[in-house]
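Data block below; observations after.
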Amino acid sequence: MYELVFWKYEDEVYLNHQLVYEALLEEQTVEGLEELPVQVILNRLATVFSGWEKVDENSWKNTKGKGAFQVKTTPQSIQIDCYGTEGKTMNLLADTLEEFKCPLYDPQVPQRYDEMND
């Protein structure tokens with residue numbers, strides 16, 4: 001499993017990414033993060049991955065290739081667990097969340113890919 005996590009800081013807020021990630025995993029509210037339009041994001045993912053089989057409300061499986069993913073949400077975050085998913089698919093997931101100004105945090109590295117790291 002490869003984990004992708006997304007959240008959005010409030011203006012002028014910049015916190016320790018690892019501590020934010022750990023708090024979000026525990027489904028804690030993090031001061032300094034914006035609430036996300038979770039249902040809108042889920043609807044957008046459903047549109048982007050409309051060619052994939054929707055296994056349940058928050059899970060998709062590629063019936064024409066490799067991979068599957070499951071989306072877990074809190075009011076402040078989107079976590080996507082990827083199973084056997086190709087890099088280009090993970091990039092598409094990250095690009096889709098970028099539409100909502102939610103940069104990727106990759107806890108495996110660990111690194112957040114946002115303008116502060118450019």
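The values are calculated or read from the model by the stated rules, or taken from the named source; none is laboratory data. As the structure is a computational prediction, the values presented were derived from the model and not from experiment. When we count neighbours, we look across all protein chains shown, and the Cβ atoms used for this are built from the backbone with ideal geometry, even at glycine. Side chains are part of the model used for accessible areas, which takes the heavy atoms of the whole protein and leaves out ligands, DNA and RNA. Shrake-Rupley method; radii C 1.70, N 1.55, O 1.52, S 1.80 Å.
Looking only at segment 6-52, which residues are open to solvent by 50 Å² or more (accessible area, probe 1.4 Å), in a loop (DSSP other than H, G, I, E, B) and more than 22 Å from LEU93 (Cβ to Cβ)?
GLU10, ASP11, GLU12, TYR14, LEU15, ASN16, GLU26, GLN28, THR29, GLU31
Consider segment 61-89. How many of its residues are in contact with a Gly (Cβ under 9 Å, 6 or more places away or on another chain) and not in a loop (DSSP other than H, G, I, E, B)?
5
Looking at this structure, is VAL20 within 16 Å of GLN79 (Cβ to Cβ) and in contact with a Gly (Cβ under 9 Å, 6 or more places away or on another chain)?
Judged against the criteria, VAL20 is a match.
Would you pick out the residues in segment 66-99 that are open to solvent by 30 Å² or more (accessible area, probe 1.4 Å), farther than 14 Å from VAL48 by Cα and hydrophobic (A, V, I, L, M, F, W, C)?
Those that are open to solvent by 30 Å² or more (accessible area, probe 1.4 Å), farther than 14 Å from VAL48 by Cα and hydrophobic (A, V, I, L, M, F, W, C): none in segment 66-99.
Which residue pairs have Cβ atoms under 8 Å apart, sit 6 or more places apart or on different chains, and have a first residue in segment 87-101 that is within 13 Å of ALA68 (Cα to Cα) and free of Cβ contacts under 8 Å to residues at least 40 places away in the same chain and a second that is of a type in the set (S, T, N, Q) and open to solvent by less than 90 Å² (accessible area, probe 1.4 Å)?
The qualifying pairs are THR89/ASN62.
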